[in-house]
Structures are given as structure tokens and as C-alpha cells.
Amino acid sequence: MAQTKGSANARSSNGRRKRTKKEEDSPEVARLREHYEMMVLIRLFEEETERQYKKAQIGGYCHLSSGQEATNVGACAALLKEDVLFTGYRGHGFALAKGIDPGKVMAELFGRVDGAAHGRGGSMHICDAEYNYLGGWGIVAGQLPLATGAAFALSQEDQPYAVLCELGEGAVNMGAWHESLNLAGIWDLPVVFLVLNNIYGMGTTVDKASAEPEIYKRAAAFRMHGERVNGQDLEEVLEASDRLMTRAREERKPAVLECMTYRFRGHSVADAGTAYRTKEEVFERQENDPIPAFGKALLERGAISSQDELDEIRSRAEKKVDEAVEFAEQSADPDVDTLAQHVYGDPDTADQFARMGPGSPYGERELVLSSGLGSS
Ligand SMILES: Cc1ncc(C[n+]2csc(CCOP(=O)(O)OP(=O)(O)O)c2C)c(N)n1
């Protein structure tokens, strides 16, 4: 994407350059403001998620993306609605950036019926077929063969779209990485593997875990294009994602895009994140927080007119997060009688799995939750 350049020197009373009419009307500048607003929304959403988790409104594991917002928003901004997105389990920011309503994402975290995956996925398995976000996967590298299969399907059906598959740098030492990239390479599949290198896989640094810690170079093993960008800079991520997704759609060429980033919080909400890194390191990284840095850049370029406008953006995002929590609170728990639905395929293939259904030879003797509740 072309850089948005300031075009006037008029200054407001506080010394900041005023936004000119031309800039205000430019769709490109409007988009940058939207990207900034989405980054703010993700940060506030994640902060609220942590509070709700600590209030036990959210169960299971819960991994936050605070600090990684420029990668979430930059990569998703390069996607068409029809492009397919797969991620690992740190997916709240991606779900929001792909366009899913914050209420549906929060309701999913709460395990409620109005959640994006009807309350069946939770934090790690958010999924919304309407937006072509096909998960949210908790098994490290488990999403890679699925994404490769989706790219194969797009290719077989001759559809002009591509797949974006996010993974952490910890996932590149799994067999699924090698198998998936090999197939994507030999079959020229339209898929971009987006590696978010936040340096730590739980508490292990990338250079302790990886014989080649510069992950983008591993693409060469599959004769695939690989490159690395500063994942704290939204425009860098967007430019590279846009270019590589376009190439995947139009030329059927897979690629690896490594974004150097950092998670400000622990591995999951249950991890303080201080046993394997110093407070000083975290503090230093927070000094280069991608959100204020982008806000400042937009102010300097006149794409945002004043601190008041930044404050308004924050207030709007706060309101959306409050509404998301309200929506989630008011949504019902899924009906326990539906627990086994969607587990063994659709009704057309149900026969094949009949022996595994509740009460069957290889199934549970009874659907415990359904029959047990309230009967003792
Ligand atoms: C196959 C498998 N092995 C181990 C785990 C446990 N586990 C969960 S997250 C994680 C670290 C992955 O780190 P990375 O891929 O860098 O992603 P990040 O958490 O940094 O986003 C591990 C080992 C798992 N979920 N799946």
C-alpha cells in the first residue's frame, strides 16, 4: 500500500498540522484511522477479557494478543472477505480484525449460545464461517494442514481467493509445518503462512528452540518466498501481507511472512510472564508499543487532527467493549441437549459415526451432562 503523505503545512493553535480537506476525504487516510481504531479496540477488548477471566466469566485457557495488534490488523486488512483465515489459539484480535462483531467474540469467550462458534469453541477455538474465519486451533501447528487443505480446495475449484494461516514461531518445529509447506510448495497453493515471532513459545526463546531462529529463511527449504517485517509497524505488515496475498491469489504462489512482534502479557492469562524474562525487558518493549506509535505517526501526518480525536477513538472503542460484555452476559448458555451435535459430522454422514454416538458400542454410555443435570 502506498504511504499516505501529508500535503499541507497549515498549523492549528496547538502547533499540530491541521488535516486538509484532501486528506480528510482520502479513503486511504480514512482506512488508516480505521486500522488505528481497530488496534485500540483489540487492546481494550483484551484488557477486559483478562478482567472477565479473573472474574471466572471465561473458562479454559485464554491467550491475549496485547502488543501484537499491528500484526492482527495489518494482516487482516489485506484480506478479502472471501479469503480464508486460520490461526492458532491467540486469536481474539484476529477474529475482531476479520470483522466479527465484538459481542459475538466476547460471547464465545463466555461460552454462550450467541458466540461466534455458538459457545462451543471458547477462547482458543473461535470460528465464524460467515467471515471465513475457520478457527482458532489449540493444537500447536494443527491449523497448518487444515489451511493447506483449504488452499488446495480453492485451487481445485479455481477460486480467485487465498488462505492466510497464522502461527507462532514455536509451531515451526512441528512436523505439520514441514508437511504443509512441502505440499503448498509442490502444488503451488494460494496460502501465506504468517509467522508471529513474539520470541517466546511459552517460556522458551526462539533461539533456544530453533536451529534456524530467523524463521523466514526456512521458506527456502521449500523453494518458497520468505520475508521478515517489523510486526510492530502496521503499515509494514499491511504492505507485505497485501503484496503476498495478491501474489497468492493471482499467481498461486505460497509464501512465509515473518512478523517480529512481542506479547506484553504472559503466555496465557494464568502466566504472569515474568519467570523467563525480566521486567526491564517487558518495560523496554512497552516503550515501543505499536498503538501509541501509530497514533503519533497519524497525528504527525495530519491523518488524525488532535489529541481530542485520539480520545474520541478510545471512547468509541471502550463503548464497544462495554456493549460486547453486556451482549455476552445476556446470552444464554447452550442447551446441554445439543452437546453432541456437530461432533460426528452432518446428518448425511451420521451413519458412518453411529457406533460412536451416545449409548452406542464405542460411544459414551449416556450423554452425561444431558441426563445427569438436576436429576440427583
Ligand atoms: C501439539 C502441542 N504441543 C504442545 C502444546 C502446548 N503449548 C501450547 S502453546 C505452546 C507454545 C507455542 O508457542 P508459539 O507457537 O510461539 O505461539 P505463541 O504462544 O507465542 O503465540 C505450547 C508448547 C500444544 N498446545 N500443542
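The values are calculated or read from the model by the stated rules, or taken from the named source; none is laboratory data. Computed from a predicted structure; not experimentally measured. Please note: Cβ atoms are built from the backbone with ideal geometry, for glycine as well, and neighbour counts cover all protein chains shown. These area figures cover heavy atoms from the full protein model, side chains too; ligands, DNA and RNA do not enter into them. Shrake-Rupley method; radii C 1.70, N 1.55, O 1.52, S 1.80 Å.
Given (1) open to solvent by less than 30 Å² (accessible area, probe 1.4 Å); (2) within 14 Å of the ligand (Cβ to nearest atom); (3) closer than 20 Å to Glu50 by Cα, where does Leu96 come up short, assuming only one miss?
(2)
Checking the conditions here, which among Ala150, Ala117 is assigned to a loop (DSSP other than H, G, I, E, B), away from the ligand (no atom under 14 Å from the Cβ), of a type in the set (A, V, I, L, M) and under 26 Å from Lys81 (Cβ atoms)?
On the way: Ala150 fails: assigned to a loop (DSSP other than H, G, I, E, B).
Going through Ala150, Ala117 in turn, the sole match is Ala117.
I'd like to know if the stretch 202-219 contains one or more residues that are in contact (Cβ under 8 Å) with a residue 60 or more places away in the chain, open to solvent by 60 Å² or more (accessible area, probe 1.4 Å) and over 17 Å from Ser65 (Cβ atoms).
yes
Among all residue pairs at least 6 apart or on different chains, which show Cβ distances below 8 Å where the first residue, located in the stretch 231-252, is closer than 14 Å to Leu32 by Cβ and the second is open to solvent by less than 10 Å² (accessible area, probe 1.4 Å) and not in a helix (DSSP H, G or I)?
Note: pairs meeting the criteria are Val237/Gly231; Val237/Cys259; Leu238/Ala78; Asp242/Ala78.
Of the residues Leu194, Leu189, Leu183, only one is closer than 18 Å to Cys259 by Cα and among the aliphatic types (A, V, I, L, M); which?
On the way: Leu189 fails: closer than 18 Å to Cys259 by Cα; Leu183 fails: closer than 18 Å to Cys259 by Cα.
Selected residue: Leu194, the only one of Leu194, Leu189, Leu183 that is closer than 18 Å to Cys259 by Cα and among the aliphatic types (A, V, I, L, M).
Looking at the stretch 141-158, I want the residues that are in the same structural domain as Leu85 (by TED's automatic domain parsing) and have a partner that is open to solvent by 70 Å² or more (accessible area, probe 1.4 Å) and not in a helix (DSSP H, G or I) with Cβ atoms under 6 Å, at least 6 apart or on another chain. Which pairs are those?
Pairs found: Ala141/Met174; Gln143/Trp137.
Does Glu227 count as part of a helix (DSSP H, G or I) and more than 16 Å from the ligand (Cβ to nearest atom)? Outline the logic, then answer.
Details: part of a helix (DSSP H, G or I): no; more than 16 Å from the ligand (Cβ to nearest atom): yes.
Taking the combined requirement at face value, the residue does not satisfy it.
Going through the stretch 56-93 one residue at a time, which ones are of a type in the set (D, E, K, R), assigned to a loop (DSSP other than H, G, I, E, B) and within 16 Å of the ligand (Cβ to nearest atom)?
Arg90
Do you know which residues across the stretch 245-266 are open to solvent by 20 Å² or more (accessible area, probe 1.4 Å) and either under 19 Å from Thr49 (Cβ atoms) or not assigned by TED's automatic domain parsing to the domain that holds Ala220 (or both)? Before the answer, list the steps.
Residues of the stretch 245-266 that are open to solvent by 20 Å² or more (accessible area, probe 1.4 Å), as a first pass: 246-247, 249-253, 260, 265.
Of everything in the stretch 245-266, just one residue is open to solvent by 20 Å² or more (accessible area, probe 1.4 Å) and either under 19 Å from Thr49 (Cβ atoms) or not assigned by TED's automatic domain parsing to the domain that holds Ala220 (or both), namely Arg265.
Considering only residues of the stretch 178-207 that are outside any strand (DSSP E or B) and within 12 Å of the ligand (Cβ to nearest atom), which is nearest to His267 (Cα to Cα)?
Residues of the stretch 178-207 that are outside any strand (DSSP E or B), as a first pass: 178-190, 198-199, 202-203, 206-207.
Then keep just the ones that are within 12 Å of the ligand (Cβ to nearest atom); that gives 198-199, 202-203, 206.
On the way: Asn198: 10, Ile199: 11, Met202: 5, Gly203: 8, Val206: 14 Å.
Filtering the stretch 178-207 for residues that are outside any strand (DSSP E or B) and within 12 Å of the ligand (Cβ to nearest atom), the one nearest to His267 (Cα to Cα) comes out as Met202.
Could you please find all residues in the stretch 42-64 being open to solvent by 10 Å² or more (accessible area, probe 1.4 Å) and among the aliphatic types (A, V, I, L, M)?
Within the stretch 42-64, Leu44, Ala56 qualify.
Of the conditions (1) at pLDDT below 95; (2) assigned by TED's automatic domain parsing to the domain that holds Met124, Val282 satisfies every one except a single condition; which number is it?
So Val282 meets the others, but not (1).
How about the stretch 65-90: which of its residues are open to solvent by less than 10 Å² (accessible area, probe 1.4 Å), among the small types (Gly, Ala, Ser) and farther than 18 Å from Glu46 by Cα?
Residues satisfying the conditions are Ala75, Ala78.
Taking the condition closer than 17 Å to Ala78 by Cβ and either more than 21 Å from the chain's Cα centre (by Cα) or modelled with pLDDT of 95 or more (or both), does Glu130 pass? Step through it out loud before you land on a result.
Values: closer than 17 Å to Ala78 by Cβ: no; either more than 21 Å from the chain's Cα centre (by Cα) or modelled with pLDDT of 95 or more (or both): yes.
Considered against the rule, which asks whether it is closer than 17 Å to Ala78 by Cβ and either more than 21 Å from the chain's Cα centre (by Cα) or modelled with pLDDT of 95 or more (or both), Glu130 comes out as no.
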